[in-house]
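The values are calculated or read from the model by the stated rules, or taken from the named source; none is laboratory data. A quick note: this is a predicted structure, and the numbers were derived from the prediction, not measured. Please note: Cβ atoms are built from the backbone with ideal geometry, for glycine as well, and neighbour counts cover all protein chains shown.
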């Protein structure tokens, strides 16, 4: 009975794999002002995903890159940053437009947010190599 309980309680960690190309954009907002930053849709080479669900690994580290850039370069600390990534560029572009539209003024709103676009010259995500962080990334299929 003890062996069965241990088997149920432990879960196998999802396998991580490196994909040759991924598309990503970031967004940063704050609860204290109306300024919202968007990065452009960027192509990243050799990023890590969870194999089964195709979910970007270490996504919080990518959002920290944007947060740190805004804090250090634009003197905008304490921003809430998110990243959206997918292997399909059209899906990322569609999500990018949908997110921007949420912050644009509408007929119901008198005032929208102050949307600021960061160009690739301003900010570019850096690929995070997870080879040394996960045991299963070096395993062969």
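Things worth noting here:
- Set 67, 59: member being under 27 Å from residue 31 (Cβ atoms), out of contact with any helix residue (DSSP H, G or I) (no Cβ under 7 Å at 6 or more places or on another chain), modelled with pLDDT of 95 or more and surrounded by 13 or more Cβ atoms within 10 Å (Cβ to Cβ): 67
- Residue tally, condition within 22 Å of residue 31 (Cβ to Cβ) and exposed (fewer than 15 other Cβ atoms within 10 Å of the Cβ), over segment 77-125: 17
- Neighbours by Cβ (under 6 Å, 6+ apart or cross-chain): first from segment 26-44, at negative phi and surrounded by fewer than 18 Cβ atoms within 10 Å (Cβ to Cβ); second modelled with pLDDT under 95 and outside any loop (DSSP other than H, G, I, E, B): 34/114; 35/114
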